[in-house]
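Rule-based calculations on the coordinates, nothing more; no lab input. Please read all numbers here as calculations on a predicted model, not as lab measurements. Methodologically, a virtual Cβ is constructed for each residue, glycine included, from the backbone with ideal geometry; neighbour enumeration extends over all protein chains shown.
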Amino acid sequence: MTLMMDNHPELGSPLRGKQMFADVMQHFGDRVNSITGYWRYGDNLGAFNDAVANGESLGSAARGTWTGQRAGEYGFTRVKVVQADEGVDGFSVVSALFRRE
């Protein structure tokens, strides 16, 4: 499953990101084989870069992102970092594939 979520509660978005994720997972259920995270900006990329800067592996850093944590809640704990493009201050683009064990 690949989905784009860009929630702006400060602009009055009625749902939180966690609720949106839960709704999608409830709707598709067992038909979801994997979850792809693709980060070019925002909290996921920031968390990933912070974790790597603190010595975590790329896989561990991906698991610690918001997307990685949500994926883990649904049993998608096996991660493969498919793309990790280095930028000036850490990684500029990261793609991670989460699968069930």
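Scanning region 28-45 for residues that are in contact with a strand residue (DSSP E or B) (Cβ under 8 Å, 6 or more places away or on another chain) and surrounded by fewer than 18 Cβ atoms within 10 Å (Cβ to Cβ) yields Asn33, Ser34, Thr36, Tyr38, Arg40.
For region 52-63, filtered to residues that are in contact (Cβ under 8 Å) with a residue 12 or more places away in the chain and over 23 Å from Asp30 (Cα atoms), the residue that is surrounded by the most Cβ atoms within 10 Å (Cβ to Cβ) is Ala61.
Among the residues of region 67-85, those identified as surrounded by fewer than 19 Cβ atoms within 10 Å (Cβ to Cβ), out of contact with any strand residue (DSSP E or B) (no Cβ under 7 Å at 6 or more places or on another chain) and at negative phi are Gln69, Gly72, Glu73, Tyr74, Thr77. All of (1) loosely packed, with under 12 Cβ neighbours inside 10 Å; (2) closer than 21 Å to Asp6 by Cα hold for Phe48 with one exception: (1). Of all the residues in region 83-101, those that are within 13 Å of the chain's Cα centre (by Cα) and under 12 Å from Ile35 (Cβ atoms) number 5. Taking residues in region 16-40 that are touching a residue at least 12 places away in the same chain (Cβ under 8 Å) and among the charged types (D, E, K, R), and partners anywhere that are surrounded by 14 or more Cβ atoms within 10 Å (Cβ to Cβ) and part of a helix (DSSP H, G or I), the pairs with Cβ atoms closer than 8 Å and at least 6 places apart or on different chains are Lys18/Arg70.
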